[in-house]
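The values are calculated or read from the model by the stated rules, or taken from the named source; none is laboratory data. No experiment lies behind these values; they were computed from the predicted model shown. With ideal geometry, Cβ positions are generated from the backbone for all residues, glycine too; neighbour counts draw on all protein chains shown.
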């Protein structure tokens, strides 16, 4: 899909993105990020306009991709893994909740 118009993010759209990422931005940060993200989107627009249909695929440096053999090896036991966990209970990793009742983590 190609877009023929330059993209531009408003400070309100940046605020929406920040809320999704659970970030609090000042008005100055919203303005600055709006300009920066718009510049990034416009660069991607330029990349989309490059015609690559006739381009041959380029192999990785060195000619071809050589991968090591996929071999079964010894793995760490549960106790060794959980020893490095910040928190665990009942033999499982324990993490803070992402979603709580009511849709807010506050």
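Structural remarks
- Unmet requirement for residue 41, which otherwise passes all of (1) at pLDDT below 90; (2) farther than 30 Å from residue 92 by Cβ: (1)
- In the range 14-42, of all residues being more than 16 Å from the chain's Cα centre (by Cα) and not in a helix (DSSP H, G or I), the one that is surrounded by the most Cβ atoms within 10 Å (Cβ to Cβ) corresponds to 25.
- When residues in the range 84-106 are screened for being at pLDDT 75 or above and either out of contact with any strand residue (DSSP E or B) (no Cβ under 6 Å at 6 or more places or on another chain) or within 24 Å of residue 21 (Cβ to Cβ) (or both), 15 of them pass.
- Annotation note: of 67, 9, the sole residue that is surrounded by 10 or more Cβ atoms within 10 Å (Cβ to Cβ), assigned to a loop (DSSP other than H, G, I, E, B) and modelled with pLDDT under 90 is 9.
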